[in-house]
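Reading through the structure tokens given below for one structure.
Nothing in this text is a laboratory measurement; each read-out follows from the coordinates by a stated rule. Predicted model, so just to flag it, every value in this text is computed and none were measured. Glycine gets a Cβ as well: all are built from the backbone with ideal geometry, and neighbour counts include every protein chain shown.
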Amino acid sequence: TSLQRAAYDALGDYNGAVVVMEPKTGKILAMVSKPDFNPNHLADNWDELVSDDSNSSLLNRATQGAYPPGSTFKIVTSLAYLREHGTLDGFSFDCQGSITVGEHTIHCYNDTVHGQEDFATAFAKSCNSAFAQIGLDLGAGALKSASEDLLFNKKLPVDLTYRKSRFSLDSSAGKPLLMQTSIGQGNTLVSPMHMALITSAVANEGELMTPYLMDRVENDNEDKVSETEPETCLLYTSDAA
């Protein structure tokens, strides 16, 4: 499709993955993983593909890759905050471009000073300092609960081989790791597919649809044999999953 081609071309020569999901249905509109290979010449290139460990062309990075989520994890931190406080109103943080606790400092991007922020502004500016402070205030338990409600450390509703995302923070973690984890660093790992599920649930007002690749099946006369019906996988609220 044109969207698949656009995603493929946009990734260029970078190793990585792109997942595009329709939030209201769960339909996977595009999925790209690079480095890739030509399936038409799989037999001819098989020895090269299986011997090049650094290439990993046979790995579907979209579902099997595991990467630090970075600032996309602030969605999880935001959910934990909302459940703790019941509202985003009243939040206030004065960003000075960094936050230091003990000997550990978290910097905002390019040490940008964001100044006085409400929650929406802190999220829109992806303020590392604000979210590090939110994580400190919430504690490991609240972050762990929100992350596991969003399927970290759990099975994903995906009919493909995938790697579970990992969230390992617990009450024994020190403040530096808690701050890092709150902004998507630390030991947290997630697949591109999993982050697509989380962002789709947000875009669909808390309703996660079961993702699917096969829209319909037709016979050789182009008659419809079967068609996938969108179905809800999970419903999220500010109180519980």
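What to note about this one:
- Gain on full extension, evaluated as 0.36 nm per residue between Ala124 and Ser51 minus their Cα-Cα distance, stands at 21.8 nm.
- In the chain, helices alone account for a calculated mean residue ellipticity at 222 nm of -10000 deg cm²/dmol, with every DSSP H run of four or more residues adding -39,500 (n - 2.57).
- Between helix 74-85 and the chain: long-axis angle, C-alpha atoms, 0 to 90°, nearest 10: 50
- Integer Hz, Karplus 6.51/-1.76/1.60 couplings in order for the range 151-166, x for Gly and Pro: 6, 5, 6, 10, 5, 9, x, 10, 8, 9, 5, 9, 10, 4, 6, 10
- In whole percents, the pair-distance distribution calculated for the range 158-226 from its alpha-carbon pairs, binned every 5 Å from zero, is 3, 12, 15, 15, 14, 14, 10, 5, 3, 4, 3, 2, 1.
- Förster radius 41 Å - calculated FRET efficiency between Asp111 and Asp36 (Cβ-Cβ, nearest 0.05): 0.60
- Close amide H contacts of Thr105 (hydrogens built in the peptide plane, cut-off under 5 Å, sequence separation of 5 or more or a different chain): none are found.
- Extension gain from Leu136 to Lys154, taking 0.36 nm per residue of separation minus the Cα-Cα distance: 4.0 nm
- Placed amide H near Met209: partners under 5 Å, 5+ positions off or other chain: Cys233
- Each residue of the range 212-227 is assigned a 3J(HN,Hα), and the resulting list reads 8, 9, 9, 6, 7, 10, 10, 8, 5, 9, 6, 7, 6, 8, 7, 8 Hz, derived from the Karplus form 6.51 cos²θ - 1.76 cosθ + 1.60 (θ = phi - 60°), x at Gly and Pro.
- A Förster distance of 22 Å, applied to the separation of the beta-carbon atoms of Ala10 and Thr199, puts the FRET efficiency at 0.80.
- Violating pairs (Cα-Cα greater than 30 angstrom) within the set Lys154/Lys224; Lys27/Lys74; Lys34/Lys175; Lys74/Lys164; Lys34/Lys224; Lys34/Lys155: Lys154/Lys224; Lys34/Lys175; Lys34/Lys224
- Partner aspartates and glutamates for Lys144 [C-alpha distance under 15 Å; skip if fewer than 8 residues away on the same chain]: Glu84, Asp170, Asp239
- Cα centroid separation, the range 208-240 to the range 105-170: 29 Å.
- Cβ-based net charge around Asp215, under 13 Å, with every Lys or Arg adding one and every Asp or Glu removing one: -1
- Here r is the Cβ-Cβ distance between Thr1 and Glu103 and R0 is 51 Å; the resulting FRET efficiency, rounded to 0.05, is 0.50.
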